[in-house]
1. Could you give the distance between the Cα centres of segment 15-43 and segment 80-141, to the whole Å?
2. Over the chain, with a Gaussian network built from C-alpha contacts below 10 Å, which listed residue (238, 193, 14) shows the highest mean-square fluctuation?
3. For the chain, what's the relative contact order in percent, using C-alpha pairs closer than 8 Å and at least 6 residues apart?
4. Roughly how compact is the chain, stated as its Cα Rg over 2.2 N^0.38 Å to two decimals?
5. Once every DSSP H run of n ≥ 4 in the chain is given -39500 (n - 2.57) and the sum is divided by its residues, what mean residue ellipticity at 222 nm do you get, rounded to the nearest 500 deg cm²/dmol?
6. Residue 100: net charge of surrounding residues, Cβ under 13 Å, Lys/Arg +1, Asp/Glu -1, itself excluded?
7. So for segment 117-247, what percent of the C-alpha to C-alpha distances run longer than 27 Å?
8. Around residue 227, with a cut-off of 15 angstrom between Cβ atoms, what is the net charge of the other residues, counting Lys and Arg +1 and Asp and Glu -1?
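Derivation of every value follows stated rules applied to the coordinates shown; laboratory data play no part. This is a predicted model, so every value here is computed, not measured. FYI the Cβ positions are ideal-geometry reconstructions off the backbone, even for glycines, and counts take in every protein chain you see.
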Amino acid sequence: MAGRGRTTPAPVALLAGLGFVFVGLPLVALLIRAPWSHLGRELAASGAWTALRLSVVVSVSAAALWFLLGAPIAWVLARSRIPGRSVLRGLVILPLVLPPVVGGVGLLQALGRSGVVGRWLHAAGIQLTFTTAGAVVATTFVSIPLVILATEAGIRSVDARLEQAAAAMGASRGYILRRVTLPLIRPQLAAGLVLAWARALGEFGATITFAGNLAGRTQTLPLAVYQARQTDPGAAVLTSLLLVALSLVVLIAMRDRIFPT
């Protein structure tokens, strides 16, 4: 009976199979069409290795900002009783549903050389557009909602009685945060960071709009694919596979954090 209860109905299995084919077919097509005999030459010519290094730098830098900004935002949304909390939640989640190019335009109007805040930054000698720092800002903007959503869910799932028990035994707020709350939400926080990192690795629209597409400065792997596609389709396929491989390695390595059994 137990085995029969776990049997997948035929229609569900059929639809799931079609779904797997739909998702997997583009990846298989990349593998089939890749010019493997020219692998090293094509990747070197397209600047893929430089773009890979920059992608790692940008995404890791963005991860630091996600943790510094996203976790406190999640805490406020989960624990505070401030007015308009639902509006604030919608505001910080909005970049997740906005077209990335719209986010890039918004960043230009806010932080560009003549932007609302950017003009003051420029006067102070700080320029974000067309710089690696600008690519980090754009990547952080579009990806941070994933960290906020996952972390807020983790904070809401914490049993408050555990924190109350620690407080009753004389633990300070800082100690409770470090030794009780953070360990309990570590799986959700890790899942949010990994998913946001994967999203950041594939970010295109906001980056090219706000930071441009400058080799060695702002040209991440997705931008390298876009540029190679215009002149060398084979290099674009190989660079795409490099991006796919990097993303898969990270997602598989962190599968237990994202999808705990």
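1. Spelled out, the Cα-based centre of one part sits 35 Å from the other.
2. 14
3. 29 percent
4. On the way: Rg = 21.9 Å, N = 261, 2.2 N^0.38 = 18.2 Å.
Compared with the compact-globule rule of thumb, the chain sits at 1.20.
5. -23000 deg cm²/dmol, from helical runs alone.
6. Cβ neighbours under 13 Å give a net charge of 0.
7. Numbers: 3679 of 8515 pairs.
Counting pairs separated by more than 27 Å, the tail of P(r) holds 43 percent.
8. Once all neighbours under 15 Å are counted, the net charge is 0.
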